[in-house]
Amino acid sequence: MPASNTKLVVSAAATILLPADYRARTSVYANGTITNGVLQGDLILYGRGDPTWSQRCYTVDTLAPGGCDSTWTAVDAVADSLRARGIGA
């Protein structure tokens, strides 16, 4: 994790260089065949952006129902995407 001063510089640069609607994505790559919902090969998680996958809150009141994502929201989204593609079904 970078030091706090470095985060300030990187955040300022990102604010200037990236469009307002930019979102960092996590990609998943598979190398192999899927047999009965089991991947026979490698599964690669290629993360960009926030390395912590921590809880995100979208309201000032973090105790309000639905105001915050679970810590597992991002992990659940990746798992749902894999299931939709026949892995872990």
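Out of the residues in segment 9-44 that are under 10 Å from the mean Cα position of the chain (by Cα) and open to solvent by less than 100 Å² (accessible area, probe 1.4 Å), state the one that is farthest from S81 (Cα to Cα). Restricting to residues being under 10 Å from the mean Cα position of the chain (by Cα) and open to solvent by less than 100 Å² (accessible area, probe 1.4 Å), the top hit is A24. Note on segment 45-55: residues that are open to solvent by 60 Å² or more (accessible area, probe 1.4 Å) and at pLDDT 75 or above total 3.
Does G66 satisfy being loosely packed, with under 12 Cβ neighbours inside 10 Å, at positive phi, of a type outside the set (F, W, Y) and not in a strand (DSSP E or B)? Here the answer is yes, as G66 does meet what is asked.
The values are calculated or read from the model by the stated rules, or taken from the named source; none is laboratory data. Treat the numbers as computed from the prediction; the structure is a model and nothing was measured. Please note: Cβ atoms are built from the backbone with ideal geometry, for glycine as well, and neighbour counts cover all protein chains shown. Side chains included, ligands, DNA and RNA excluded: accessible areas come from the protein's heavy atoms. Shrake-Rupley method; radii C 1.70, N 1.55, O 1.52, S 1.80 Å.
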